[in-house]
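Undergrad: Take this structure first; my questions come after.
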Amino acid sequence: MTITGGSALPKDDIERMMRDAEAHADEDRKRREDAETRNNAESLQYQTEKFIAENGDKIPEESKTKLNEALVELRSSLGGSDVAAIKTSYDNVARLSQEIGAAMYAGQQDAGEGAGGPQAGAGSAGGSAGGSASGADQDVIDAEIVDDEPQEGRSA
């Protein structure tokens, strides 16, 4: 606690305020942690509900059901004052949503490899050929020559 300026308070009052602040520092820290936990849980709830709304058709029903049940538990714990219950519910929702997100990402990667596999192979085979690489370099040089013309006009 910092008291600055020309305070009209007597020195005894200032000292009493300092002692009170020091005595209640642990309570204040705990209240701040509780508020942060509650805010994080509310944020996770909102983000997860938004995720389900946007990607509900891509999530398997069993996983969606588990996640919705965990969200109900989180909402009910947020309605109470038990911070430990909020933390437990938060962890459960976070774990389930991460698992679903990872499964969706893996599914997208598998689908991308299946569709893009032959294309990727053709691209890498073309890139390894010496003629293609030198052709790409020549294109860059040609572009630089085209860029030189306006520079000559500016300097003249």
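The values are calculated or read from the model by the stated rules, or taken from the named source; none is laboratory data. These numbers were taken from a predicted model, which means no experiment stands behind them. Because the Cβ atoms are built from the backbone with ideal geometry, glycine has one as well, and the counts that use them run over all protein chains shown.
Undergrad: Only residues that are within 25 Å of ASP82 (Cα to Cα) and in contact with a helix residue (DSSP H, G or I) (Cβ under 8 Å, 6 or more places away or on another chain): list them for segment 48-70, please.
TA: The answer is THR48, GLU49, LYS66, LEU67, ASN68, ALA70.
Undergrad: Kindly indicate whether GLY6 is closer than 18 Å to ALA103 by Cα and either at pLDDT below 85 or outside any helix (DSSP H, G or I) (or both).
TA: no
Undergrad: Just to check your reading of the model, which residue among ASP91, ASP57, ASP110 is in a helix (DSSP H, G or I) and at pLDDT 90 or above?
TA: ASP91
Undergrad: Further question on the same structure: May I ask you to list pairs of residues, at least six apart or on different chains, whose Cβ atoms are under 7 Å apart, with the first in segment 91-106 being farther than 15 Å from GLU49 by Cα and the second being of a type in the set (S, T, N, Q)?
TA: Filtered contacts from segment 91-106: MET104/ASN55.
Undergrad: Starting from segment 45-61, take each residue that is free of Cβ contacts under 8 Å to residues at least 24 places away in the same chain and list its partners that are basic (Lys, Arg), counting only C-beta distances under 9 angstrom and pairs at least six apart or across chains.
TA: That search, which allows pairs on different chains as well, returns ILE52/LYS64; GLY56/LYS64.
Undergrad: Here's a follow-up. Of the residues GLU42, GLU22, GLU73, only one is free of Cβ contacts under 8 Å to residues at least 24 places away in the same chain, under 23 Å from THR88 (Cβ atoms) and of a type outside the set (Lys, Arg); which?
TA: Exactly one of GLU42, GLU22, GLU73 is free of Cβ contacts under 8 Å to residues at least 24 places away in the same chain, under 23 Å from THR88 (Cβ atoms) and of a type outside the set (Lys, Arg), namely GLU73.
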